[in-house]
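Below is one structure, written out as structure tokens, with a few remarks after it.
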Amino acid sequence: MTQAPLLSVEDLRTYCYTRAGVVKAVDGVSFALERGDSLGLVGESGSGKSMTCNSILRLLPRPAARTVGGRVLWDGRDLLTLSEREMRSVRGREIGMILQDPLMSLNPVFTIANQVGEPFRLRGAAKSRSDLREKVLDVLRQVHIPSPEARLSQYPFEFSGGMRQRTVAAIALAGSPGLLIADEPTTSLDVTIQDQFLRLLRELQEETGMALILVTHDLGIVAETCNKVAVMYAGKIVEFGDVRQVLRSPAHPYTEALLKALPVPGTRQKRLYQIPGEPPNLLDPPAGCAFEPRCHRAMQACKNARPPIKRLSDGRQAACLALEAGEVQ
Amino acid sequence: MLRYALKRLGVGLLCLVGVSIIIFVAMRLAGDPTLLLLPDDATDQDRIELRQELGLDKPLPVQYAIFVTDAVQGDFGMSTRWKMPAMELVLARLPATLQLAGLAFSIAVAIGLLSGVTSATTRGSVFDQGVRLCVTLGLAVPVFWVGLIFIMVFAVDLGWFPTSGRGSFAHLILPAVTMALNPAAAMSRLSRSAMLGVLGADYIKMARVKGNSEARVVWKHGLRNAAIPVATLAGIQLANMIGNTVVVETIFAWPGIGKLIIDAIFARDFAVVQAAICVVAAAYIILNLAVDLTYGLLDPQIRYD
């Protein structure tokens, strides 16, 4: 720990205040990213992946959700303590974000040129109209929009889904951010387009050296795209580490179960493995480990104590009592 | 787009014919103008002669044919009461009505949009609740009553504004505010719900992600998408205002078309009523067309063909 990491999230807590009670959507999440890292944030729906990302950029749906604790250190500053004005200059410029649904992310009533040009205009990066036009064309070329000149005056409804998603990426790139957060960027695209888009993300990352947080529930995508992975369960990170280590020999029983649920190409499986039970009710979480009711390694101690996240001998981190008892590995 | 506009104008012309027939027949059901024009001691012979002079002895379809033939040439007949060309009379009163309707409309849109959009962005707040109460009041309270109360409070008791008539800018304020209340409430309610529908959209979050200020997120990215229903209502309201000045102009003795129509109806002045109604109907048709054409500017997906 000689140099401060690019992004360091420490003990982040974001709670949702619903009529039925308080949901600890993000419950003490910590991780760090270096320049050029790409982190896969995986977990099932409702595990707190998107909430974590929205907390970093402070884009939570108010007043329903609020970050109540922790720090998000970026470039020496704690994003959670910045003024709204300072935060605006972080958004789009220092940290970019790609939202889930490309069909809905573009404003239907403005032209492509207008929307892609907006980040440049907002930070006064274009000297003239023709300069702005050139910059817009540049980023559109960067994301491989065919014949971008002809596309400038078009509207989102004239674009295909894949092209819209690449336009969204172009908008994110327009700010030349040091970190790009992609919140399930390919969920609503078909598989071929999905693959193209992920390849584009990797390519852009190589070109610009930016870091990437990729939210997904697809471990296959993580294996292809990321070098680090964080597995979330019930608002907590249960395992964090190098992608190859984690996917090859998962330390946490939940990661293990997730991997087991993946279909294996070339084999004939009658039924895909399914993790028994259901995710816990976050309004009334179990007193001990949240995964305990579904875990095949569960011990009596798991019912009572929440396992702390511990660094293992190979450098990765995992939160499981069984690990300490030496049961895994 | 030109073809669409011409087609709509054609349909509008048909509407105008329909309106003129209805008002033509209705006026002739309203009573015999010769009863009012002649002195009490006039003989039946005098009455028959006057009816012949005014052309009222001919069958209704013939009278209408004569009216249309003249109207097409710009001649809407003579006013029996004011003894001057009916259309000239109407056009002389038009600026006063446009002034009143224009100011009332501006007030309604400004207050309606501002309160509605702010209400939507601060949903559930005290401001939002207050606006909702005001909207319900604004929609429920009848215009004539508000006008009378305003005159009592602001003109008679406080003496801030003149009670009635036209002259200075101060004369304009009470009638304009009275007229604006109801449309402002409707505009507020509609823009609130239209904005609420838009604010949850992903492109709004995207606008925040880009680093837009909250004001730009709401007024640029949000409002443009909520603009179509708002523009529709605004168009209907502006058109309505030109026709609905009758009540307000009567209460405040505002010398516009509305007041003229009322006076002309009481005087059985057929020519003036017909000319005024035709002008109001034409304004209605043109404004509606204008609103439909602005849709194309507001939403790029709308094409006219």
Worksheet entry | Net charge dipole size for region B:117-240 [Lys, Arg +1 and Asp, Glu -1 on Cβ; Debye, nearest 20] | 520 debye
Practice prompt. Just add up the charged neighbours of B:LEU289: K/R +1, D/E -1, any other residue whose Cβ is under 14 Å from the Cβ of B:LEU289.
Written response: +2
Response to the item:
Nearest-0.05 FRET efficiency for B:CYS15 and B:ILE302 at R0 = 30 Å, using Cβ-Cβ distance, is 0.85
Practice prompt. Would you be so kind as to identify which of B:LEU298, A:GLY235, B:THR121 lies farthest towards the positive end of the dipole of the protein assembly as shown, taking Lys and Arg as +1 and Asp and Glu as -1 on Cβ and the Cα centre as origin?
Written response: A:GLY235
Item to complete: DSSP loop (so not H, G, I, E, B), at most 16 other Cβ within 10 Å: list which chymotrypsin sites (Phe, Trp or Tyr not before Pro) in region A:207-293 pass both filters.
Response: A:TYR273
Practice prompt. Using label points projected 7 Å from each Cα along Cα→Cβ, tell me how many nm separate B:PHE127 and B:LEU38, to one decimal.
Written response: 6.8 nm
Discussion item. Report the Cα centroid-to-centroid distance between region A:159-238 and region A:94-124 in angstrom, as an integer.
Written reply: 16 Å
Worksheet, complete the sentence: With 0.36 nm assigned to each residue of separation and the Cα-Cα distance removed, A:TYR17 to A:LYS270 gains 86.8 nm
Worksheet entry | Residue exposure sequence - B:THR34, A:THR255 - by fewest surrounding Cβ within 10 Å | B:THR34, A:THR255
Worksheet entry | Listed pairs A:LYS49/B:LYS220; A:LYS135/A:LYS228; B:LYS83/B:LYS259; A:LYS228/A:LYS303 exceeding 21 Å between Cα atoms | A:LYS49/B:LYS220; A:LYS135/A:LYS228; A:LYS228/A:LYS303
Worksheet, complete the sentence: Rounded to the nearest 0.05, FRET efficiency between A:ASN304 and B:LEU91 (Cβ-Cβ, R0 60 Å) equals 0.10
Discussion item. Net charge within 12 Å of B:ALA120 by Cβ-Cβ distance, Lys/Arg positive one each and Asp/Glu negative one each, not counting B:ALA120 itself?
Written reply: +3
Discussion item. For B:LYS58, give me every one of the aspartates and glutamates with a C-alpha distance below 20 angstrom, ignoring sequence neighbours fewer than eight places off in its own chain.
Written reply: B:ASP32, B:ASP44, B:ASP46, B:GLU49, B:ASP70, B:ASP75, B:ASP269
Worksheet, complete the sentence: Summing +1 per Lys or Arg and -1 per Asp or Glu among the other residues with Cβ less than 15 Å from B:VAL198's Cβ gives +4
Fill in: For chain B, built as a Gaussian network whose Cα springs stay under 10 Å, the top-fluctuating residue of B:ALA234, B:ALA120, B:ALA201
B:ALA201
Worksheet item: Which whole number in µm²/s is D for region B:245-291 by Stokes-Einstein, with the Kirkwood Rh taken over Cα pairs at 25 °C and 0.890 mPa s?
Response: 219 µm²/s
Worksheet item: Could you give the nm distance between label points at A:ARG85 and B:LYS7, where each point is 7 Å from its Cα heading toward the beta carbon?
Response: 5.3 nm
Worksheet item: With labels modelled as points extended 7 Å from the Cα through the Cβ direction, what inter-label distance (nm, one decimal) is found for B:LEU114 paired with A:GLN3?
Response: 5.4 nm
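No lab work stands behind these numbers, since they all come straight from the coordinates. Bear in mind that the values here come from a model prediction, so they are computed numbers and not experimental data. Neighbour counts run over all protein chains shown; Cβ positions are idealised from the backbone, glycine included.
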